[in-house]
Amino acid sequence: MRYRVLGKTGIEVSTHCLGTMMFGSVGNPDHEDGARIINAALDAGINFVDTADMYSAGECEEIVGKALKGRRDDVVLATKVHFPLGEGPLGEGRNRSGNSRRWIVRAVEDSLRRLDTDWIDLYQVHRPDHTTDIEETLSVLGDLVTAGKIRAFGCSTFPAEDLVEAHHVAERRGLMRMRTEQPPYSLLARGVERAVLPTAQRLGMGVLTWSPLASGFLSGAHREGRPVDLTTGRARLTPHRFDPAAPGNAAKYAAVERLVALTEEMGCTLPELAVAFPLVHPAVTSVIIGPRTMDQLTALLKGAELLLDDAVLDHIDEIVPPGTDLYRADGVWQPPSLTNETTRRRPPGDRAAAA
């Protein structure tokens, strides 16, 4: 396994990061099996483990904590905060989510307890929160570093403009900076190449990318002209992303067929190509792989030495041009400027060119 320094933190991490979202009730509910998979990844040279408090409502963090018993000092452990974990006495998520000091101070203690550790190496803000001033978020995260509860902090799925704002606020206010960004990036989702990755690189941020298999679209199980089972897995949760009859999906299936043909020429599998691809970008430090079973982990690790030459990359660029999103990853944050129509529409009486 190859290792790279995570941004400017001085922390060396493996180029494969073990993502654990599929451990717990939403994926593999067997805690012992989850621990075996985690330890097999560590034995293979992975020293970077990523989880989140909202994965299986905290159960995933508990599985990770159990698995790291006796190995904690050798592991770079990352988790995330932002999403609500369930219903509270005042309503679901009320003051129990977001990026406020009030919530983060509470959430980090809960994560430390579930992970059964005294510190978190990388604490990430899972999504932007424009109801909270970024200065508030940076301030509390810096306090947690000073208190020794976390070693560094970063963000996940932030647009480029929010990365720049966080950097400038930290600089103006004398606060600690976001050290990492965790964006979705795959053969079918290359939009982050336009601004997010170049911005992170200019700011000296480490980058760990998620969803290299495009939520299973690049697993090899979904092919053009074949029946699609929309009752299981990710296809059940988001059938519109996999239904061949849905608008926009034809281009994804056509691209997959061309990518499969490329892998046949290369002598590798589609998942192996998919996991190798993000690591080619100079801004990317590590790619998150999220197996649910031991067989999936073994298959993904098998392609760790896959080298993509310029001819292969040129071919990929022909199939999915740089900066193009054929597939939009689940849960990608959308700014209020898009989700709130009042930010895009003037009042009715002020829309015409003349009164």
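The values are calculated or read from the model by the stated rules, or taken from the named source; none is laboratory data. Keep in mind the model is a prediction, meaning the values are calculated, not measured. Using ideal geometry, Cβ is built from the backbone for each residue, glycine included, and neighbour counts are taken over all protein chains shown. Note: areas computed on protein heavy atoms with side chains; ligands, DNA, RNA excluded. Shrake-Rupley method; radii C 1.70, N 1.55, O 1.52, S 1.80 Å.
A few comments on the model shown:
- On the basis of the beta-carbon distance and an R0 of 30 Å, MET176 and LEU338 show a calculated FRET efficiency of 0.50.
- Take every pair of alpha-carbon atoms less than 8 Å apart whose residues are at least six positions apart; their mean separation over the length of the chain yields a relative contact order of 17 percent.
- Accessible area of VAL105 in the full protein assembly, 1.4 Å probe (Å², nearest 10): 70 Å²
- Under a Gaussian network description of the chain, with springs only between Cα atoms under 10 Å, the residue in THR157, THR293, THR15 that fluctuates furthest is THR293.
- Compactness index (Cα Rg / 2.2 N^0.38 Å), the chain: 1.01
- Protein-only accessible surface order, largest first, of HIS130, HIS167 at 1.4 Å: HIS130, HIS167
- Within the listed set ALA276, ALA40, ALA221, the Gaussian network model of the chain (springs between alpha-carbon atoms below 10 Å) gives the highest mean-square fluctuation for ALA221.
- A straight Cα-to-Cα reach below 27 Å connects LYS80 with the lysines LYS8, LYS66, LYS69, LYS149, residues fewer than 8 places away in its own chain not being considered.
- A 1.4 Å probe, protein heavy atoms only, puts the accessible area of LYS8 near 150 Å².
- With the simple model of a label 7 Å out from the Cα in the direction of the Cβ, LEU85 to TYR3 spans 3.2 nm.
- Estimated FRET transfer efficiency (THR238, ASP74; beta-carbon r; R0 35 Å; 0.05): 0.45
- Mean-square fluctuations from a GNM of the chain, with a 10 angstrom spring cutoff on Cα atoms, peak among LEU297, LEU112, LEU313 at LEU313.
- Between ASP43 and ALA221, the FRET efficiency estimated from the beta carbon spacing at R0 = 22 angstrom works out to 0.20.
- Alpha-carbon centroids, region 257-322 and region 163-204: separation in whole Å: 24 Å
- Estimated translational D of region 255-321 in µm²/s (Stokes, Kirkwood radius over Cα pairs; 4 °C; 1.567 mPa s): 103 µm²/s
- Largest to smallest accessible area among GLU12, GLU62, GLU305, GLU257 [probe 1.4 Å]: GLU305, GLU12, GLU62, GLU257
- Label-to-label distance for ASP309 and ASP33 is 4.1 nm, based on points extended 7 Å past Cα in the beta-carbon direction.
- Cα-Cα separations in region 201-355 greater than 18 Å, expressed as whole percent: 67 percent
- With the convex hull constructed from alpha-carbon coordinates only, region 163-287 shows a mean projected area of 9.1 nm² over all directions.
- Nonpolar atom fraction for the chain, defined as the carbon and sulfur part of the 1.4 Å probe accessible area, stands at 49 percent.
- Solvent exposure of the chain as accessible area per residue, Å², 1.4 Å probe: 47 Å²
- Mean separation of Cα contacts under 8 Å (6+ apart) over length of region 263-345, as relative contact order %: 23 percent
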